[in-house]
Amino acid sequence: MREGEPLALLQNIFGNHADNLQRALGRTTERHARLTANLANINTPGYKRQDLDFGITLDEEVGRKTRLSQWREERLARQANSTSMRVDRNNVDLEREVFAMAETELRFQALTDMTSRYFSGLKNVIREGK
């Protein structure tokens, strides 16, 4: 087999589902890292919060820009600029970050459950083939 053929073979057998789950878990991990950085910098003067919108990310992965994703981008930009800033020009809000972290944790748990079920299903199919 040439380089890249095993990956192509696995892609043909299993489809894009495992790859999609991997990317979704990666995005969830990336969002968690950004939210953690926001909390770590809650008292840093001039720090601007960072976040990752899953809807926009999904549209980017699919390769299309919908009217809804444009609306989300505009809304996020307005939110980032209109959030109450303290005197030190920091716009991190503790409640908002904790809520976003809880939401991200639930999303991660759901994705890991989906991944576990996917691979359990594959294992059952392989066992039945013996």
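Here, each number is a calculation from the coordinates, and none is a lab measurement. A quick note: this is a predicted structure, and the numbers were derived from the prediction, not measured. For neighbour counting, all protein chains shown are included, and Cβ atoms are generated from backbone atoms with ideal geometry for every residue, glycine included.
Modelling each spin label as a point 7 Å along the Cα-to-Cβ direction, I'd like the GLN109/ASN43 distance in nm, to one decimal.
A separation of 3.1 nm, rounded to one decimal place.
With a sphere of radius 11 Å drawn around the Cβ of THR104, what net charge do the other residues whose Cβ falls strictly inside it have (Lys, Arg +1; Asp, Glu -1)?
With Lys, Arg at +1 and Asp, Glu at -1, the net is -1.
So how far apart, in nm, are the two label points at ASP53 and ASN16 if each is 7 Å from Cα heading toward Cβ?
The two pseudo-label positions are separated by 2.2 nm.
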